[in-house]
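Below you'll find the structure, written out as structure tokens, and then a few comments.
The values are calculated or read from the model by the stated rules, or taken from the named source; none is laboratory data. These numbers come from a predicted model, not from an experiment. Cβ placement follows ideal geometry from the backbone for every residue including glycine, while neighbour counts extend to all protein chains displayed. Heads up: the accessible areas ignore ligands, DNA and RNA and are worked out on the full protein's heavy atoms, side chains in. Shrake-Rupley method; radii C 1.70, N 1.55, O 1.52, S 1.80 Å.
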Amino acid sequence: MQQNIKLPFRVGKPVEEEYFIDRENEIKDLIQQIKSMSNTCLLGLRRMGKTSILFNIVNQISDPIPIYINCYGIPDKRRFASTLSDGTRDAYIAYTGDKKYGSAIKKHIKENIEKIAYQLTEMDVSVGHYFRIRVGIKQKEINSDILLEDAFNYAEKLGKNKGKRFVIILDEFQDIGSRWGDDFLKRLRSIVEKQKNVCYVFCGSSITFMSS
């Protein structure tokens, strides 16, 4: 007779709730760092349970509001900026229940729209049996570094306006940091140093990169 046996271990995905054991000290230390608004690095080889620790921290804290981003496989800066902005918005609403905070979103969108310029691409004027004017315009390409900077500053602006604090948790950080290079890291450092309402947890499995 076949019996359904509940396995005591969960493999291949982050471990939460009753499945999570033996990382209490690490979680306690990280939460203490986060609550003091200190920027922190979590280092460890792959499959050592780093993401499970992060998931459990997200479930245990509400101040600062946690924003979890998995950096692995994000193709470019534009996608990352969109992911971070959406994550900030969703986390704020989820942890505060403030569904009427449209003014903050509208202000953020308005500031971005004002940075968008348009250029003339074609103009066709003809005179004959018919008078015709055709004008073509297209949106100029927006610098991806500007979008990225706006995304990182979104939580800072929202926190300042709403009296809230945020922690941005960047899992598998080495995947974007190593691809985007020193210029990105220098720009990020400049952003982080100016922020008062946001702290960061940088998590990665590349010991050499994360240590540097």
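Of note:
- Couplings for the range 57-72, taken from phi via the Karplus curve 6.51 cos²θ - 1.76 cosθ + 1.60 with θ = phi - 60°, read 5, 4, 6, 9, 10, 9, 9, x, 5, x, 10, 9, 10, 8, 7, 5 Hz in order; Gly and Pro are left as x.
- Net charge in the neighbourhood of ASP183 (other residues with Cβ under 14 Å of its Cβ; Lys, Arg +1, Asp, Glu -1) is +2.
- Each residue of the range 171-179 is assigned a 3J(HN,Hα), and the resulting list reads 7, 6, 4, 4, 5, 8, x, 6, 6 Hz, derived from the Karplus form 6.51 cos²θ - 1.76 cosθ + 1.60 (θ = phi - 60°), x at Gly and Pro.
- Surface accessible to a 1.4 Å probe, ILE53 within the full protein complex, Å²: 10 Å²
- Charge tally in the Cβ shell below 9 Å around PRO64, where Lys, Arg are +1 and Asp, Glu are -1, PRO64 excluded: +2
- Summed residue charge, Cβ within 13 Å of TYR92's Cβ, Lys/Arg positive, Asp/Glu negative: +3
- Residues with amide H under 5 Å from that of ARG165, placed H, sequence gap 5 or more: ILE65
- Sequence-distant residues sharing a close amide H with LEU42 (under 5 Å, placed H): PHE202, CYS203, GLY204
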